[in-house]
Amino acid sequence: MKNIIILFSGEGSNLLNLIRQLHPSECHIAAAITNRPSAGGIEKAKAHKIPVHVIDHTLYESREAFDEQLVQTINSHQPDLVVMAGFMRILSPTFFTLQTPSINIHPSILPLFKGAKAIEKSFQSDEELGGASIHWVTEELDSGSVITQRSFNKSIDETLESFTEKIHTIEHSLLPETIIEILNGQK
Ligand code: GRF
């Protein structure tokens, strides 16, 4: 059985969805790691007996020092894959001493709308499509090669709420499917 680690910063809806869809039938979620002590995902993981590490970035004097602790914590679980699901951190070169492949989910059709507020930017743009992408994590933000993406047409009466909901629905099928494909060596 392959091991994965999930990194998150917020509500953890993707985290919860991965726990429900993958653990333990498809793979073992060895741990979840967050940089925010108040992240809603912490209770969701604990409720499913997934070990949670809180590495509060405000307690570290530099980005590198935080990333060093992050890499050490990830390595202690010897995962096959690291999954960033709403992990809101800019990574320093120190993170890339990690030997494990890492993927990230981003709520736009990359390369469009990299970085923060991607859902809002994508909603407000003239683009007819919205969607989500999963890409390999590299040193440049949201710029690693795209592994999978899925899109939908904006409807005429689309609101930010309905648009956001559609993106989350896509994320909740795309991310587990992609993880399974990667672990099976199909990606
Ligand atoms: C997702 O939309 C993800 O694409 C983005 O942050 C959001 C995380 O939501 N990077 P959640 O914490 O999984 O609910």
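Numerical summary
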read-out	value
Residue count for the stretch 70-90, restricted to those that are surrounded by fewer than 22 Cβ atoms within 10 Å (Cβ to Cβ) and over 25 Å from Arg150 (Cα atoms)	7
Which listed residue is surrounded by fewer than 21 Cβ atoms within 10 Å (Cβ to Cβ) and touching a residue at least 24 places away in the same chain (Cβ under 8 Å), from Thr169, Thr100	Thr100
Which listed residue, of Glu68, Glu61, is in contact with a helix residue (DSSP H, G or I) (Cβ under 8 Å, 6 or more places away or on another chain) and more than 26 Å from Arg20 (Cα to Cα)	Glu68
Only one of Ile6, Ile50 that is modelled with pLDDT of 95 or more, under 15 Å from Glu171 (Cα atoms) and either of a type outside the set (Asp, Glu) or within 16 Å of the chain's Cα centre (by Cα) (or both)	Ile6
Lone unmet requirement of (1) surrounded by fewer than 14 Cβ atoms within 10 Å (Cβ to Cβ); (2) on the phi > 0 side of the Ramachandran plot for Phe113	(1)
Single residue of the stretch 138-158 satisfying the filter (of a type in the set (Ser, Thr, Tyr) and in a loop (DSSP other than H, G, I, E, B)) that is farthest from Pro93 (Cα to Cα)	Ser155
Conditions (1) closer than 14 Å to Ser102 by Cα; (2) in contact (Cβ under 8 Å) with a residue 24 or more places away in the chain; (3) away from the ligand (no atom under 16 Å from the Cβ); number of the one not met by Leu175	(3)
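The values are calculated or read from the model by the stated rules, or taken from the named source; none is laboratory data. None of these values were measured; they are calculated from a predicted model. We place every Cβ from the backbone using ideal geometry, glycine too, and count neighbours over all the protein chains shown.
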